[in-house]
Amino acid sequence: MSEPEVSREKFTNKFEYFLTSLSYAVGLGNVWRFPYLCYSNGGGSFFIPYLLSLALIGFSFFVLESSMGQYSSEGPMTVWKISPMFKGIGVAMFVMNTYVGIYYNIIVAWAIYFIYATFTALPGVPWSTCD
């Protein structure tokens, strides 16, 4: 007796896939940490090896993960069942994403706290009254 095949949603067009991939790849860490990394590691001399590493390693892994998911129509936890050697990769991806999500939530909470503190603690700021 075989399991019934589950119908999975697919992207309706290439632009939708592009926007989804872009939002997956570019996040708070890219916007927040990248200028600091450039500044602390030499500016332009850091940017060239960064782009080279991004193109060779990052893009290759992104295409690998995306194509494996599209080919097998599986999620990130089950797509790695192709080989027993890769069994823990899906779990490791889940754990890493959970930790990164917690880390970024803390950063966003600090930003919200400082916005609130700015509006309540400083009476002389221009936006404290509606004049």
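The values are calculated or read from the model by the stated rules, or taken from the named source; none is laboratory data. In this text, all values refer to a predicted model and were calculated from it rather than measured experimentally. Using ideal geometry, Cβ is built from the backbone for each residue, glycine included, and neighbour counts are taken over all protein chains shown.
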Q) Any residue at all in segment 42-49 that is within 28 Å of I106 (Cβ to Cβ), of a type outside the set (S, T, Y) and out of contact with any Cys (no Cβ under 8 Å at 6 or more places or on another chain)? A) no
**Q.** Residue ID - modelled with the highest pLDDT, chosen from residues in segment 6-63 that are part of a helix (DSSP H, G or I) and among the basic types (K, R)
**A.** K14
Q. Conditions: (1) surrounded by 10 or more Cβ atoms within 10 Å (Cβ to Cβ); (2) more than 22 Å from T20 (Cβ to Cβ); (3) at pLDDT 85 or above. M85 meets all but one. Number of the miss?
A. (1)
Q) Among (1) part of a loop (DSSP other than H, G, I, E, B); (2) over 24 Å from V6 (Cα atoms); (3) of a type outside the set (F, W, Y), where does I112 come up short? A) (1)
Q: Taking K14 as meeting all but one of (1) under 20 Å from G75 (Cβ atoms); (2) loosely packed, with under 11 Cβ neighbours inside 10 Å; (3) of a type in the set (D, E, K, R), write down the number of the exception.
A: (1)
Q | Residues located in segment 64-80, provided they are surrounded by 13 or more Cβ atoms within 10 Å (Cβ to Cβ) and either part of a helix (DSSP H, G or I) or without any contact (Cβ under 8 Å) to a residue 12 or more places away in the chain (or both) | A | E65, S66, M68, G69, Q70, S72, E74, V79, W80
Q. If you check every pair at least six apart or on different chains, which have Cβ atoms under 9 Å apart with a residue in segment 94-114 that is among the hydroxyl-bearing types (S, T, Y) first and a residue that is assigned to a helix (DSSP H, G or I) second?
A. Y103/G29; Y104/L28; Y104/G29; Y104/W32
(Q) Looking at (1) surrounded by 10 or more Cβ atoms within 10 Å (Cβ to Cβ); (2) over 16 Å from F62 (Cβ atoms), which one does V31 not meet, given that it meets all the others? (A) (1)
